[in-house]
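Please read the structure below before turning to the comments.
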Amino acid sequence: MTASTKYYTDAAGLYLGGFAPAPAYDIRTPQEPIPDPDTGEMVPRPPLVQTVTPEVVPPPGGIEVPHPPADARAVWDFDAQEWQEPAPALPVITARQCRLMLLAVGITPAMVEAELGAIQDETDRARALIEWEYASAYERTHPLIDQMAAAFDLPAVQVDALWLAAADL
């Protein structure tokens with residue numbers, strides 16, 4: 001991208017991309033011929049040339065930042081005025097590791113089953129119980145993990161730390 005490229009995020013700090021202006025172009029305006037003072041013949045005149053340099057048009061809602069992130073998943077921190085690199089992806093853990101992790105913070109399998117049994121929608125409840133009972137491995141990004149974390153008042157940062165510890169069990 002050229003030196004005139006501008007970089008933008010949205011209001012949440014997610015990178016939208018780099019935007020460069022279109023190349024400069026000329027507008028040629030023809031001129032009427034004028035009479036030659038010696039001969040009186042009409043002499044053509046060269047066109048008037050105006051060079052136009054387009055401006056960068058930011059994306060709707062775009063907020064300019066000084067440079068792009070090293071990783072497109074990074075988020076712009078408006079207070080620190082820098083890119084915050086994404087957290088590394090958390091590993092998949094086994095059902096055994098998950099249950100041992102929960103037990104380490106005082107949450108028993110029976111407590112999890114009670115929370116899942118309290119889900120109002122019958123199909124959602126059945127699906128959640130199947131996920132809990134029969135999954136051989138769990139991904140941190142599965143929606144059920146955040147749902148259970150909320151039910152047991154575990155902040156996401158604590159769940160992430162527990163998750164990493166569980167991966168070593």
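Any chance the stretch 103-125 includes a residue that's free of Cβ contacts under 8 Å to residues at least 24 places away in the same chain, at positive phi and under 31 Å from the mean Cα position of the chain (by Cα)? No, that holds for no residue. For the stretch 74-88, indicate whether the set of residues that are under 30 Å from P109 (Cβ atoms), out of contact with any Leu (no Cβ under 8 Å at 6 or more places or on another chain) and outside any strand (DSSP E or B) is non-empty. Yes, the stretch 74-88 contains at least one residue that is under 30 Å from P109 (Cβ atoms), out of contact with any Leu (no Cβ under 8 Å at 6 or more places or on another chain) and outside any strand (DSSP E or B).
So for the stretch 105-113 (the condition being within 16 Å of V92 (Cα to Cα), out of contact with any Cys (no Cβ under 6 Å at 6 or more places or on another chain) and loosely packed, with under 13 Cβ neighbours inside 10 Å), does at least one residue qualify?
So far as the stretch 105-113 goes, no, none of its residues is within 16 Å of V92 (Cα to Cα), out of contact with any Cys (no Cβ under 6 Å at 6 or more places or on another chain) and loosely packed, with under 13 Cβ neighbours inside 10 Å.
I'm trying to understand the selection: among the residues of the stretch 1-42, which are at pLDDT 90 or above, among the β-branched types (V, I, T) and surrounded by 12 or more Cβ atoms within 10 Å (Cβ to Cβ)? Selection gives T9 alone. Could you please let me know if E131 is touching a strand residue (DSSP E or B) at 6+ places or on another chain (Cβ under 9 Å) and in a helix (DSSP H, G or I)? Judged against the criteria, E131 is a match.
Would you mind finding the one in V65, V75 that is surrounded by 11 or more Cβ atoms within 10 Å (Cβ to Cβ), closer than 13 Å to A11 by Cα, in contact (Cβ under 8 Å) with a residue 60 or more places away in the chain and in contact with a strand residue (DSSP E or B) (Cβ under 8 Å, 6 or more places away or on another chain)?
Checking each option against the conditions leaves just V75.
The values are calculated or read from the model by the stated rules, or taken from the named source; none is laboratory data. Everything quoted here is computed from the prediction, not taken from an experiment. With ideal geometry, Cβ positions are generated from the backbone for all residues, glycine too; neighbour counts draw on all protein chains shown.
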